[in-house]
Structures are given as structure tokens and as C-alpha cells.
1. Looking at the stretch 64-83, I want the residues that are of a type in the set (S, T, N, Q) and have a partner that is in a helix (DSSP H, G or I) with Cβ atoms under 8 Å, at least 6 apart or on another chain. Which pairs are those?
2. Can you pull out every residue in the stretch 79-91 that is open to solvent by 60 Å² or more (accessible area, probe 1.4 Å) and part of a helix (DSSP H, G or I)?
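The values are calculated or read from the model by the stated rules, or taken from the named source; none is laboratory data. In this text, all values refer to a predicted model and were calculated from it rather than measured experimentally. With ideal geometry, Cβ positions are generated from the backbone for all residues, glycine too; neighbour counts draw on all protein chains shown. These accessible areas exclude ligands, DNA and RNA; they are computed on the full protein's heavy atoms, side chains included. Shrake-Rupley method; radii C 1.70, N 1.55, O 1.52, S 1.80 Å.
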Amino acid sequence: MKLTAGKFVSEIKKIEQLLVRNFDADEDDSFTSKIVKLQKQLPKGVNEKLSFLANLYERAQKGEKIDPADLKQAGFWIEAAWPYVSNGAPRVSRWGSRLAWLVIAIIAAAVAYHFLH
């Protein structure tokens, strides 16, 4: 997964929501403290990957520029940890529905233009 700093932050927020939903993590805690509290519920490798992601997330929140190599590694770790934090649910691509809505909007605009002239 190719990441930018903004996409990295949004992916971490998705993982954070999954930790709250699937592992009963406290919603008010920071991402790092959620991982520390869930340490015994996650496999050791997943916990290490999430700890790496938490470190990068804290740096991104402080406004530090994240190295592209770290972002690339974060993409690998997000893909590796996703099955555990989502309880096996696959990632959902929304490009098909976005494209369908775009086509519908274009058709509606064309019909409206046709009837208004």
C-alpha cells in the first residue's frame, strides 16, 4: 500500500475504530495506550507492528515530516495487521460505488440541462 502522510493518518484512525469496536478498547484513550492495553489480546508480531505504527502516528501528530521509507514500511505493517484488528473482514473498495454515483450525477445534470433549455 502506497501511503502519504494524510492517508497514513486516516488508515490509523480506521484501525483505531476497529480496536474500539472489536477489542473493546476505550474510545478516549490515545492510539498508543489502546495498543498497550490490548497487548495480551493480540499476537506478539501484530503488537510489534502496531507499536511501530503508533510511534509514527505520534510523530505525524506532532507535525514531523515522516520519511518515505517509514511510510512504505507503515503500508506493509497496516496490511499485515489488518486481518487481526478487523477480525478477518476484508478491506472494502468504494471506487465502484463512487463511479456509479458520478455517472448518475452526470446523467441527472444532463437531463436537467436538457429540460431547462
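1. Gln73/Phe52
2. Pass one, the stretch 79-91, residues open to solvent by 60 Å² or more (accessible area, probe 1.4 Å): 79, 83-84, 87, 90-91.
Of everything in the stretch 79-91, those that are open to solvent by 60 Å² or more (accessible area, probe 1.4 Å) and part of a helix (DSSP H, G or I) turn out to be Glu79, Pro83, Tyr84.
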